[in-house]
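The numbers here are math on the coordinates, done by the rules we state, and not lab data. As the structure is a prediction and not an experimental result, all values here were calculated from the model. When we count neighbours, we look across all protein chains shown, and the Cβ atoms used for this are built from the backbone with ideal geometry, even at glycine.
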Amino acid sequence: MVSLPTRARSSAALVLAGVLWGTGGLAGSLLGGLAGLHPLAVADYRLLVGGAVAIAFSKGFPRTAEAAKRILAVGGLFALFQASYFAAVALSSVSVATMTTIGAAPVVVTLVSVRKLRRWTLVSVAGTLAGLVLLQWSPGEAFSFGGLGFALLAAAGFATLTLVTAKPVEGLDPLSTTAFGCLTGGLLLLPVASWSGMAIPLHVDVLALVCYLGAVPTALAYAAYLRGLADAHPVLGSLSAVLEPLTAAVLSAALLGERLSGTAWCGAAVLVAALAVGYWRPEPR
C-alpha cells in the first residue's frame, strides 16, 4: 500500500491534471471560434505547442532505446486519442463524446489492471459513470454508432496511455515524457490537421489562447498526470480524468452564463463523491 504522504502528493497531482484539462475545453472552444479552426487543428496546435513548451523545461533528449520506444508509444496514443475524440464529436456531440470517452476509460483500465475487483473500486467506477450520465446526458440528441465507436476508441487510447505510462522508464521523467510525447503526437496528427486548415490570424487574443492551451492544460496538466501515476494505481488516474468535464461545466456556467440543470448539479455531486471514494480507498499499487 502506498504511504500517506506519497498518496497525498500523487492525488494532488492527479486532481491538478483533471482540473487543468477542464480549462482546456473552454480554451480550445474559444480558440476554434476566434480563429475559425477545425477541432482537429485545435488539437494539433495543443500538442505541438504543449510539446514545445515542455521541451523548454525538460532535462534533455531521451538517450536509451527504451526511452525512445516509450516516447513513440506515448506520441502515437496522444494522436490516436485526439483524432478519435474529435471524430466522435463530429459524428455525435461534445457531451455524448466526452461522456462516453471519459466514462469508458476507467472501466477499461479497471478490467485490464485489476485482477480482483474490490468493493470500493466498483462503487467508485459505478458512481463515476452515473455522475457523468447525469452531468452531460442530453436525451434529445441523436444516437450515432460511428460516434460511439470513435468515442470508445478514444477511451481505449487514453486507457492504454494510462497503463503504459504507469510503468516508469529509466532516464525518462514525467516532464520529458510529456514534452516529446506531445511533440511526436502533434507531428503524427499534422497531415490530417493540415488538411482541415491550420492558418490562424496573428491577433493577440488568438496567440494568447494558443499559448495557454499548449502550456497549461497540456504541458503542465499531462506532466502532473504522469507524475501522479508514478505513485498511484492506474484506476485512480483514469478516474481523475472525470474532473475535466466537471471543471468545464462549472467554468461554462460561471464565465459563459450557461445554466446547469438540477440533474447536472446532482451529477456533479455524484462525481465528487465517487472520486472521494477512489482517493479514500485506492487499489493497492
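Computed over the alpha-carbon pairs of the chain, the distance histogram in 10 Å steps reads 7, 30, 38, 21, 4, 0 percent, short to long.
Is it possible to state the helix-based mean residue ellipticity at 222 nm for the chain, with each DSSP H run of 4+ residues giving -39500 (n - 2.57), the sum divided by total residues, to the nearest 500 deg cm²/dmol? What is it?
Calculated at 222 nm, the ellipticity per residue is -26000 deg cm²/dmol.
Placing unit charges on each Cβ (+1 for Lys and Arg, -1 for Asp and Glu) gives the chain a dipole about its Cα centre, and among Ala208, Ala87, Gly127 the Cα reaching farthest toward its positive end belongs to Gly127.
Taking a span of 18 Å or more along the helix axis (Cα atoms) and a mean Kyte-Doolittle hydropathy of at least -1.0 as the rule, the DSSP H helices of the chain that qualify are 4-35, 39-57, 65-91, 94-113, 119-136, 145-165, 174-196, 262-280. Roughly what % of Cα-Cα distances in region 1-79 sit above 20 Å, to the whole percent? Summing the P(r) of region 1-79 above 20 Å gives 54 percent of all pairs. Ordering Cys211, Cys182 by the number of other Cβ atoms within 10 Å of each residue's own Cβ, fewest first, gives Cys211, Cys182.
Would you compute the Debye intensity of region 144-285 from its alpha-carbon atoms alone, equal scatterers and no solvent, and pass along log10 I(q)/I(0) at q = 0.19 Å⁻¹ to two decimals? After summing over all Cα pairs, the log10 values are -1.41. Distances between every pair of Cα atoms in region 170-235, grouped in 10 Å steps from 0 to the bin holding the largest one, split as 18, 38, 31, 12, 1 percent. Counting neighbouring beta carbons within 10 Å and listing from fewest to most, the residues Met198, Met99 come out as Met198, Met99.
By the beta-carbon count within 10 Å of each Cβ, the least crowded to most crowded order of Ser144, Ser176, fewest first, is Ser144, Ser176.
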